[in-house]
1. Give me the pairs: first residue in the stretch 20-38 and in contact (Cβ under 8 Å) with a residue 60 or more places away in the chain, second residue part of a helix (DSSP H, G or I) and not β-branched (Val, Ile, Thr), beta-carbon distance under 7 Å, and six or more apart or on different chains, which are they?
2. Anything in the stretch 79-91 that is buried (at least 18 other Cβ atoms within 10 Å of the Cβ) and either assigned to a loop (DSSP other than H, G, I, E, B) or within 14 Å of the ligand (Cβ to nearest atom) (or both)? List them, or say none.
3. Kindly check whether there is at least one residue in the stretch 71-78 that is in contact with a Gly (Cβ under 7 Å, 6 or more places away or on another chain), under 17 Å from residue 301 (Cβ atoms) and either within 12 Å of the ligand (Cβ to nearest atom) or not assigned by TED's automatic domain parsing to the domain that holds residue 29 (or both).
4. Which of the residues that make up the stretch 163-187 are outside any helix (DSSP H, G or I) and at pLDDT 90 or above?
5. Being among the hydroxyl-bearing types (Ser, Thr, Tyr), within 16 Å of the ligand (Cβ to nearest atom) and without any contact (Cβ under 8 Å) to a residue 40 or more places away in the chain is the filter here, so list the residues in the stretch 264-319 that pass it.
6. For the stretch 277-307, which residues satisfy the criterion of being assigned to a helix (DSSP H, G or I) and in contact with a Ser or Thr (Cβ under 8 Å, 6 or more places away or on another chain)?
7. Looking only at the stretch 252-270, how many residues end up being of a type outside the set (Val, Ile, Thr) and under 15 Å from the mean Cα position of the chain (by Cα)?
8. Any idea which of 110, 67, 48, 60 is away from the ligand (no atom under 13 Å from the Cβ), in contact with a helix residue (DSSP H, G or I) (Cβ under 7 Å, 6 or more places away or on another chain) and assigned to a helix (DSSP H, G or I)?
Amino acid sequence: MSRVLVGAPLVGDALERVRAVAELVTTDDPIGWSRAELLARVVDVDALIAMPSQRVDAELLDRAPGLRVVANHAVGVDNVDLQACAARSVVVTNTPGVLTEATADLAFGLLLDACRRISEGDRVVRAGGWRGWGPTVFLGARVTGATLGIIGFGRIGRAVARRARGFEMRVIYASPRPPTPSAPDDAEGAERVTLDELLARADVVSVHAPLRPETRGLLSRERIAAMRRGAVLVNTARGALVDEDALAEALVDGRLAAAGLDVYLDEPRVSPALLAAPNLVLAPHLGSADAPTRAAMASLACGAVVAVLGGGQPPNRVV
Ligand code: GLV
């Protein structure tokens, strides 16, 4: 019987479909197997359901000669060495589409929180530091009617643009992909601009690009410096897209009014510079964390494992 290593406990009952055709190696730890545990347990498995926090690289693959499929429980596949998988004929799948709305919801939540200082206010109230209402107290950035700049205009970026319409925001976006009939230049009523123009015009910048070698450090020190004074940055994509030190400095200097992050360079470690920065909302990588979304992600990952073990083609194949 095939053996399937399940990176972490999944939401819903999708795993039962896998259990019907394979023996499962599971953990009760909600954050899943550690690196050392993964390396030890992957040796004799046919399939791995990997979490975005689990690196699937040549070292791991070399320990798993029987591995046929890595079903990544995420849409981003930056944790997987795709070339190393392809070289070993290991199929890689992801979970596109099903987490679009949840991630866009969270991006908008961070946008509202960062602009209107909700978490900061919550901390003050809990600490007993709220002295009362005053016209100058807790002034934030205006959301309604502001210009939102979306970097990366795929499924999630466009879902954020749809939410922005409800707040009468002007939406501009930058994307390296050429427009297509299904994603025209003016999709979702948004205006395509260059990245430089976006940074110069946006009151709020929200990042929705995949992490690839060419996008690492996309929001560099220079680009953060090119944002409007008083602008707000939101990142729900991947931490390595943003220069965290430069962001922290811009918040301390007051050049940026606020930021909201769900993702970090070295999760779950958050840099001391970010922890010390003012007006920064820090979420613990929970973009896709609503129950129906996580159940749908589990279903896609489990479906891919069942398909490959049965000799079929998973629809959400990356490699
Ligand atoms: C989560 O971060 C994902 O890529 O799905």
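1. Here the result reads 21/309; 22/309, each pair linking the stretch 20-38 to a residue that is part of a helix (DSSP H, G or I) and not β-branched (Val, Ile, Thr).
2. Those that are buried (at least 18 other Cβ atoms within 10 Å of the Cβ) and either assigned to a loop (DSSP other than H, G, I, E, B) or within 14 Å of the ligand (Cβ to nearest atom) (or both): 79, 80, 81, 90.
3. Applying the first criterion (in contact with a Gly (Cβ under 7 Å, 6 or more places away or on another chain)) to the stretch 71-78 yields 73.
Imposing the further condition that a residue be under 17 Å from residue 301 (Cβ atoms) reduces the set to 73.
Okay, now just the ones that are also either within 12 Å of the ligand (Cβ to nearest atom) or not assigned by TED's automatic domain parsing to the domain that holds residue 29 (or both), so 73.
Yes, the stretch 71-78 contains at least one residue that is in contact with a Gly (Cβ under 7 Å, 6 or more places away or on another chain), under 17 Å from residue 301 (Cβ atoms) and either within 12 Å of the ligand (Cβ to nearest atom) or not assigned by TED's automatic domain parsing to the domain that holds residue 29 (or both).
4. Taking the stretch 163-187 as the starting set, the residues that turn out to be outside any helix (DSSP H, G or I) are 166-186.
Passing the criteria: 166, 167, 168, 169, 170, 171, 172, 173, 174, 175, 176.
5. Quick first cut of the stretch 264-319, residues among the hydroxyl-bearing types (Ser, Thr, Tyr) only: 264, 271, 288, 293, 299.
Next cut, within 16 Å of the ligand (Cβ to nearest atom) only: 264, 288, 293, 299.
Hit for the stretch 264-319 is 264, nothing else.
6. The first filter runs over the stretch 277-307 and keeps only residues assigned to a helix (DSSP H, G or I), leaving 291-307.
Listed by number, the residues that qualify are 294, 296, 297, 300, 301, 304.
7. Here is the first cut: in the stretch 252-270, the residues of a type outside the set (Val, Ile, Thr) are 253-262, 264-269.
Add one more test, that the residue is under 15 Å from the mean Cα position of the chain (by Cα), and what stays is 260-262, 264-268.
Residues that pass the stated criteria total 8.
8. Details: 110 fails: in contact with a helix residue (DSSP H, G or I) (Cβ under 7 Å, 6 or more places away or on another chain); 67 fails: assigned to a helix (DSSP H, G or I); 48 fails: assigned to a helix (DSSP H, G or I).
Criteria check complete, one pass: 60.
The values are calculated or read from the model by the stated rules, or taken from the named source; none is laboratory data. Bear in mind that the values here come from a model prediction, so they are computed numbers and not experimental data. All Cβ positions, glycine included, derive from the backbone under ideal geometry; neighbour counts span all protein chains shown.
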